Structures are given as structure tokens and as C-alpha cells.
Amino acid sequence: MLRELTASTNANLVSEKPHPTLESNLAPSPREPIVNDFAITAATKNGSGSQTSNAILLRALFKMGIPVSGKNIFPSNIQGRPTWYTIRLSKDGYLARRETTEIMIVLNPDTVLEDHQNTAPGGVFMYADDIKLPVRRSDLHYYAIPVKEMARQHEADPKLRTYVANMVYVGAIAQLLGIDLDEIQAALMFHFKGKTKPVESNMKVVRAAAAWAAENLIKTDPYRVERMDKTKGQIMIDGNTAAALGAIYGGVGFVAWYPITPATSLADALNEYLPKLRIDPETQAPTYAVVQAEDELAALGMVIGAGWAGARAMTCTSGPGISLMAEFTGLGYFAEIPAVIWDVQRMGPATGLPTRVSQGDVIAAYWLGHGDTKHPVLLPGSVYECFEFGWRAFDLAERLQTPIFVLSDLDLGMNQWMSKPFDYPEEPMDRGKVLTEEQVNATRGFARYKDVDGDGIGWRTLPGNESPFAAYFTRGSGHNERAMLSERADDWENNMDRLARKFETARKLMPPPVIDMVEGAEIGIIGFGSTDPAIQEARAMLEAKGIRASYLRLRALPMNDDMTMFLAAHKRIYVVEMNSDAQLCQLIRLHSPKDAEKVRPANHSDGLPLTAHWITEEILYQETRH
Amino acid sequence: MTTVKNGSIAGNGTQATSPSIKMPTPGAGAAGVNIIGLVKADYKGLESTLCNGCGHDSISSQIITACYELGVKPERIVKFSGIGCSSKSPAYFMSRSFGFNALHGRMPSVAQGALMANHTLQGLGVSGDGDTGSIGLGQFMHLIRRNLRMVYIIENNGVYGLTKGQFSATADIGQELKYAGRNEFPPIDLCRAAIVADCGFVARSFAGDPKQVVTLLKAALSYRGTAVLDIISPCVTFNNRDDSTKSYSWGKAHDERINDFGFVMSQEEIQIDYAEGETKEVELFDGSKIVLKKLDGSHDPTDKQAALRLLTEAHDKQLFITGLLYINTERPNLAETYRLVKPIASYQQDKLRPSRESLQKIMSAMY
């Protein structure tokens, strides 16, 4: 079958064991070098250890000073299903996903046909030499690598050979593109936290593969990497680790969570860093507790209990967990208890696509709960903001005495991002309105839900306050200012009016949007979260086509007057988001009904991070119709 | 099964459930002042809104008595409850204690969060059979599994009262009620469930036996981890017919005590009438003791298998047994497992925010 197919056209001839040199000779002739501006995709099976290889490549490039981003497109599965990892190198510093990949590395025979098809014209197709290619394209450069053979040489244990195989492609691609092996070694040191043994054994494979490639491959493609200085002083980190660090520097005292993709690594990072950073030197005791709860109901229940008792308490979850937390979120809102809920969004509804990105929980988080509920929501747009909002969320939760949502997503949370180093929180912690024993004694009691200061926020006492006047009975049922059960119509209405006042206070306290107003621009773009790099790049692409666009990056709900002003200043506003219902667009229209007509959805949701190309095309298309 | 019968229901105020164990009189101060100088009124709550004669009100007053007599500072107690008639009751005792009336079936998680944030406080939870046996069964089991230090009272009446008389999961199979009809399913025995989840303090009592309730409460308040008290507490409105196993008359006629025991506070001498070898002591978390009278055939609560056998037999034969079913003081509680020293909630910025240098170190490692 293979022979019949390949024999039909001479140019597409592929022998079962192609000689690499012969193969390279068949490839298109080289042209001008393309340096630091392309994408590499590794197509592997999940659970095979390719994550390590990809992380190492990414960090090695980063350490060479080249702006890079990595996107992991992985299945909801433990082992054996297709997974792709794309590294984008961008000398201009654009970090969004790209739709094309110039360098395809294929170790998974199951996806070889589509991977072959999806390689950009003129690109590189590197593959394990035991994978059979039925057809060949004349516009690609082929490199077959004896992955299995090299793995066999380096690893006696057949079970470990797949892991070793991944290091083979690291060595081969390093040689082909000019990635510095010393930086590969440094990346391995980072990955294995300085443990020399795994670094050495992996490095051995990398060096052998690089040497093999140097000897056996003739480079015909134009792709090269060269050292730059664009990552100096930068860090590379994922958003979930950033969030965990932010929470730790924000003084998190209690964490309860339930395992769920893509939020699990946030809890993992808390478990990794808390023991290093938060042991009381006086007692050697932890100043925190992390509990893996029995489900998300209990996770938020515990957080609400801990927040009520005065600890800075948080949970991290994703969409399905948010659904289960609706009950306690409503209680937290009504009983006015500080809590921080990280929602690392994945694709819903229902189980949805658990390993794919979405911004589909905007409305769910904002209005979660039955009855009239609404919650302040933080919208971090970078790993830097994951850290900042990580600590700031506690200040807001304790100041406002209410659950605060932080909406991250799978792309931001689980992928590696370049960032400026995180700044130490300069503001002292805001522990909110808490009465001490002396203060309670002096007032001879207090009214928990009385609006003393006119901002809708009452003063609270914490269990353990031993004043005989400090205690009150917290409940989710109707209550008056003194926290007494009440079914009176006026008590109910007064309480809800005060909660509405409190929400206005929240509006003032939440981080304002970041606005880049372009003089004379007719159109404005609104976005939030992980789409920021794609929007930034799209603006440049639009500008190249003569369309200049202002940009408002929303960082929190509820929206404030900045939004109103931005809407007023533009004729057409495109709301870029990754969900199917244009959720933020709907909220903006509600925020300013008079501007509803000029606020347009530019939403897309297929589980993959948005690209600048899509945003540009969408806006261009809508602009031609206006 | 041999059981120890005790016909006397009305208590005389002594701590021992057996008249042969003499306990020091608590609060032996002037004019009803207890060891911390409070009078009983300092432990009062709001006036109850439950039905007249509700078993829950009786339990509330035993809680007041136990805490008053133990000399517990009301401010050191934190009350928890779920949703239901039982869960309203924390408002009716100890107003000087903080309280949290949580969600239906969710008392355990809220209590766990609060008592992890401040593990030096004493948790006292009141739940019901619907709250614990149905909607909250999962959290109940997991609370026990983690062994949070708290008293977990189930005011068990076999029906949903606030929603007008549906069967709960603890109602007996074959029982008939005017509103709910016939119950086709066997009950979940919450004591048996608690032992299965490795609870180290499991007792069943009867709201009509205040003496036993008070003694068990005192021991439970002194226990190291989760102490489960399943107290049959008749619902006078929906489930108090003579043929109901959750009624007052049934309880009075059928209450079979499986053992006799007394409670001795720490730093008090045990005065025992009977000879050496007739009692067994179990020391509790705070140094106080449970003194068990060894009688022929009485249940030894340190024997887990015996407790499970006893409960299984009672379940199968619809017997009403009360007493201390199981005690194990070995398991560390949650705060011990987590090595908590000072309350997490007491830490301020100096202990909560790591140093500037530590962040710089992490940042430089991220290159």
C-alpha cells in the first residue's frame, strides 16, 4: 500500500527507513534566514513526558533572550492521547498563540496526517523515523530522526524509553535551529530544581541527539534562533503559581480546595511554597492550613467558616466547582463574610472541555447565587496581575466583607508566560472593619449589620473576641441590623438597600481598567484576561491596515465611570472575549444601555487561546459592514 | 444482648448516671456562681420558638447546664448548626457565644473552617437527622474522618418538622405517619455510620433523660476530636405517637442503657463507692475522665467491634439503646494533625506576609 502510494510520484518517495541525508536533499532550497520569528509545535502523546521536553525548550529560548510563549493543547486524559505544545518565538515580543506553526515535530503517529497538513508552507517537518508518511509535500523540509533507536541506546528500561525519546527531539531541534545546549542544561537545572542526576542523564541524551543531527542532517530550512537581550530581567512563570505566590504574600491563612483541572496547579503551588515561606519562627508552626476538601461545596463552606473566624481564606476551582459553590457564595454574600474564590476558567457548560480555555464564567461568577446576588470580580490580564490580585483580593474581601472572585483561565493559569518580576506589595494589609474586645466593651455591644460609616459596610467581631458583648449569630436567613432573625418587610428591604450601597463602595475600590486612548480613533476594543497579548498584537495588525483602535482592558467588575467614558469616546466598540454568549458584551450593554447599539461582540470560543489574526479579521469584517 | 436497665428518667442534678458514683458538686460557690464566676443565666439564650414540649428545647437546657457546670467561658464556645428545627436551637442557648447558622447539611464544613482558623475555640454543633442523615451525610462523614475537635449533636426525631412531617433517613422501616404515609426504607444509623468513619466518641441518648445527656455533653466537650451525640429528641407535632420509636412514650418505655458512667472534671478527685476493679477510667483531652462502671454484660465502649455488633443488633431489632457506644482517645485531632499552635486567625501582617527578600529570591529563580 505504502509503496503503491509513494511510487506514484517520484518526488514524494519515502522509503520505510529513509536516510536522513537523502531526505534533506529532496527538500526545497534554502532562502533568506528567518530568525526568532516562528512557531514550533511538538505533537506527542500525553503522559509520555513531553511536557518536560517542551518546558525545557521554552526556557532555553527564554534564556537566550528571545521573547517566547508556550501553549499546551492537551487532552482530558492521563496517558496516550494526542497532545500538542506550541512555542512561539517573537522577536517583536508578541506572546499570543499563532494559528500557524512553521516547525512541526511529530512523535505521535496517530496525528501525523493532520500535523503534516497543518505545517505552514516552507516549514519544517521533523518526525520520528518509525512514523510512516504516506504522502509528502513539496513545500516542506523533512528531517527523520531515529528517536526509538537513540532511546534504546540510552535507556535500558523500556518503560523509561518514551521519556528519553522526548529528549531526543530536544537535542535534534536544538542542533537544527541553533539553540544553545548550555541554555538547555540551565533549563534542565531549573526544571529538576538543581538535582544534577536527572539533569545529567537528560543532557546526555540531548547531546547525543544534537551530535547525531550535526552529523546526519543537512539543514535546508531557513529557520534560526539567535541570541537577543529581550528577556533580561524578566521571569517566566505560569499564572497559577503567580496566583499562589500572590495569595501567600497576601497572607492567606486558610485554603480549602477540591482537585479540578485547570485549578489544581494553583493549590499545588500553594502546597509547594507555603511550607517554605510561612512557618512562624517563634513556634516553628505553620501560619496556614491547606485542606483538600471532599467536594467544592465543602471547600467553600470551609473557606466561609475560616473567613468568618478571621483568617484570610481562599479556594481555587473551575466552572463545575463554581456551580457547586453557588450555595455558599450566596450565603457569603448575604451573611457578609470575606472569601476569595479563584476560578481558573475552562470550557463549559457541564463537563465541557476540561483541558481547554474559555472565558465563559463571567456572568456566572458576577451573579452567582439565587435571589439578588452580585459579587466583585477581579480579572487578571497577566501573570503579573495574577500575583497582584492574589494579594489584593484579600484586602478587598476583608474590606468589603464579601466573597471576591478572581477569574483567571487555563491559558493564563497553566501556561508559561514571560513577565516582569513581581513587585512586593507596598500597601499594608487592609484587614477591614474588625472591632477589638476593648472597642466592643466601650460601645457595650454593637450592631453587626449597621451602616455606621455610610459605605454600606458594617463592623464585625471575630469569634475568640472575649467581650461578653461581642458575639452575634450569623445566619443566612433574614436579619436586622443587630443580626437578629427578622421577617419584617422593612428590615429586609433596609438590609438589601445597604448591600446595594456596599456594592457601590466596591465599584470604587476595585482596580480600574487600563485604558490606551488613541487620539482620533473611531473604534475601541474592550477585553480582559488572557486575551490581552492577542489584542495588543491585533491592534498593531489593524494599524498596519490603517485602522487605529483604542483599548480598554477591564480588570474588575462592577464597572466604573471609566467604562462609561470609554464608550462615549468611540463610535464602535468591539468586545473581545472567549465565550459563545458574548457575556461581557452583554454586561457592558447593561452598564450603559444608551451605548448598547455601538457595543459589538467580537467573541470566539473553540477551546483554544484567541489569536491576533482572528481578532483582526473579525474586526475588519465587522468594520466593512458598518 | 444484655443491657443495664435504669427506670429513672428524671435527673436529680448529679453528674453520674449511676447513683453509686459520687461526683463533686459543680459550681459550689455562693448563690449559684460557677468556677469562673458566672451564674446560669449567663448561659441563657433567646426564648425558643420551637413547639411546646419539643425535645430540642430539653437538649438546649442540658447544654446550658453542662457548660455552666463545667465552668466553660461562653465566649470560648462557638455554636454551629445547619438548617431545620434543630439548627434553629443554638439561638436558644448561650447568647454570649458566637454562632453560625449555616446551610442545610453544611454545618461540618463551616465548623471546620472556623475551627481551623481558630482551633483554640470549642465547637458545639447542633444538627438534625435530615441535616446530618440526608443532605449532610457526606460532610458528616468527612468531618469525622478528619477528627475536628467539636461536639456534634444530632437532635434526631425521624421527621422533617419545618416542612411539615416528611420521613427522614433515620425513620424506622414500616413506620406510618399521617402526612407521609408508610416509610419503605430502613433507617441510617448515624452512630454506626460515625464509628465506620472512625469517630472516637459516639453516644446515643434520649432527650427525656437529661441526666445522661448532661453527662455525655460534659464528656464530649472534654473530648479530643469529633464527639457525636445522637440524641433521640421527639417531635411533639409530627412524630410523637406512642407507636413511633422516636416518641417520648416509646423512649421512656424502651430506653435500654448499655452502660453506666460518670464524668469527672480535671483536677477533681474521683470519689467512688465501689471496690477496686469495678470501674474503668478513660482520660479525656483536658485531663478530665469518664468513669465507667463495670457490670456483668454492660457494654465496654472501648471495644469498637462490640459497639458495631450492639448497634447492628439494635438496628435489626428496632431496639432503643442509649449510652456511650464507643470511645477512642488515641486519634489526633485536625489541629494536631496540622501542627497548629497559635490560631491562624490571630496572625497579623508581620507573620502573614513573607519578607521582601524572599520574594526577590523566588523571582530571581524564575529566570
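Nothing in this text is a laboratory measurement; each read-out follows from the coordinates by a stated rule. Predicted model only: the values in this text are computed from it and were never measured. Backbone-built Cβ (ideal geometry, glycine too); neighbour counts: all protein chains shown.
Here the contact order of chain B, divided by its residue count and restricted to Cα pairs under 8 Å and six or more residues apart, works out to 20 percent. Report the far tail of the P(r) of region A:2-224, meaning the percent of Cα-Cα pairs longer than 23 Å. In whole percent, the share of Cα-Cα pairs in region A:2-224 beyond 23 Å is 43. At a Förster distance of 22 Å, what's the computed FRET efficiency of A:Lys197 paired with A:Leu160, Cβ-Cβ distance as r, to 0.05? Approximately 0.95, to the nearest 0.05. Of the chymotrypsin sites (Phe, Trp or Tyr not before Pro) found in region B:111-195, those in coil by DSSP whose Cβ has at most 13 other Cβ atoms within 10 Å are B:Tyr179. Modelled spin labels at B:Asp296 and B:Arg331, positioned 7 Å past Cα toward Cβ, are 3.5 nm from each other.
Rounded to the nearest 0.05, the FRET efficiency derived from the C-beta distance between A:Tyr621 and A:Ala442 at R0 = 51 Å is 0.15. Exposed loop sites are taken as GluC sites (Glu not before Pro) in a DSSP loop (any state but H, G, I, E or B) with at most 12 other beta carbon atoms within 10 Å; the longest stretch of chain B without one runs B:48-183. Seen against the Cα atoms of chain B and their longest principal axis, helix B:304-317 is set at about 50 degrees. Over the protein assembly as shown, DSSP H runs of length four or greater, each weighted -39,500 (n - 2.57), average out per residue to a 222 nm ellipticity of -10500 deg cm²/dmol.
Working from the Cα coordinates of the protein assembly as shown, the gyration tensor eigenvalues give, after taking √(5λ), semi-axes of 62, 33, 25 Å in decreasing order. Spin-label pair B:Ser134-B:Gln360: with each label point 7 Å from Cα along the Cα-Cβ axis, the two points sit 6.1 nm from one another. Qualifying GluC sites (Glu not before Pro) in region A:95-179, where qualification requires a DSSP coil assignment and no more than 14 other C-beta atoms within 10 Å, comprise A:Glu99. Counting only the Cα atoms, region A:495-604 fills a convex hull of 107 Å³ per residue.
Annotation: the residues B:Ile327, A:Ile40, A:Ile34, sorted from fewest to most other C-beta atoms within 10 Å of their own C-beta, follow the order A:Ile34, B:Ile327, A:Ile40.
Can you tell me the orientation of helix B:137-146 relative to chain B, as the angle in degrees between its alpha-carbon axis and the longest Cα principal axis, to the nearest 10? Once rounded, one gets 60 degrees.
For B:Val151, neighbours were defined as the other residues whose beta-carbon sits under 14 Å from its Cβ, and their charges (Lys and Arg +1, Asp and Glu -1) total +2.
Of the GluC sites (Glu not before Pro) found in region A:393-441, those in coil by DSSP whose Cβ has at most 11 other Cβ atoms within 10 Å are A:Glu426.
Figure legend: label point modelled 7 angstrom from the Cα of A:Thr283 along Cα→Cβ; residues of region B:122-156 with amide N under 18 Å from it are B:122-123, B:148-150.
Subtracting the Cα-Cα distance from 0.36 nm times the residue separation, let me have the gained length for A:Glu487 to A:Glu597 in nm, one decimal.
The A:Glu487-A:Glu597 span can extend by a further 35.4 nm.
Computed from the C-beta positions of A:Lys508 and A:Glu215, the FRET efficiency with R₀ = 60 Å rounds to 0.35. Taken along the Cα-to-beta-carbon direction at a fixed 7 Å, the label points for A:Ile78 and A:Asp182 span 4.3 nm.
Taking Lys and Arg as +1 and Asp and Glu as -1, the other residues whose beta-carbon sits under 14 Å from that of A:Thr373 total -1. Treating region A:239-336 as a set of equal point scatterers at the Cα positions, no solvent, please give the Debye-formula log₁₀ I(q)/I(0) at q = 0.11 Å⁻¹. At q = 0.11 Å⁻¹ the computed log10 ratios are -0.31. Taking a 25 Å limit on the Cα-Cα distance, which of the listed pairs A:Lys159/A:Lys276; A:Lys433/A:Lys502; B:Lys40/B:Lys342; A:Lys508/A:Lys571 fall beyond it? As for pairs spanning more than 25 Å Cα to Cα, those are A:Lys159/A:Lys276; B:Lys40/B:Lys342; A:Lys508/A:Lys571. Would you give the gap between the C-alpha center of region A:198-215 and the C-alpha center of region B:64-142, rounded to a whole Å? Spelled out, the Cα-based centre of one part sits 62 Å from the other. Residue-wise HN-Hα couplings along region A:499-509, as the Karplus relation 6.51 cos²θ - 1.76 cosθ + 1.60 with θ = phi - 60° gives them from phi, are 4, 5, 4, 4, 5, 5, 4, 4, 4, 6, 8 Hz; Gly and Pro carry x. Remark on A:Ile525: its backbone amide H falls under 5 Å from those of A:Ser550, A:Tyr551, A:Leu552, A:Tyr574, a criterion applied only to residues 5 or more positions apart or on other chains, H modelled at 1.01 Å from N.
The convex hull drawn around the Cα atoms of region A:318-390, when projected onto a plane and averaged over every direction, covers 5.0 nm². Working note: Cα gyration tensor of region B:21-365, eigenvalues times five, square-rooted, sorted largest first, giving semi-axes of 33, 26, 21 Å. Phi angles of region A:61-74 translate, via the Karplus equation with coefficients 6.51, -1.76, 1.60 and θ = phi - 60°, into HN-Hα couplings of 5, 4, 6, 7, x, 9, x, 9, 9, x, 10, 9, 9, 10 Hz per residue; Gly and Pro are given as x. Applying the Kirkwood pairwise sum to the alpha-carbon positions of region A:237-415 produces a hydrodynamic radius of 15.5 angstrom. Taking H placed 1.01 Å from N in the peptide plane, check which residues at least 5 places from A:Phe38 or on another chain put their amide H under 5 Å from its amide H. Sorted by chain and number, the residues that satisfy this are A:Leu89. Other residues whose C-beta falls under 15 angstrom from the C-beta of B:Tyr248 contribute a net charge of -3, scoring Lys and Arg +1 and Asp and Glu -1. Going by alpha carbons, how many degrees (0 to 90, nearest 10) lie between the helix axis of A:383-400 and the longest principal axis of chain A? Helix A:383-400 and the main axis of chain A meet at about 10 degrees.
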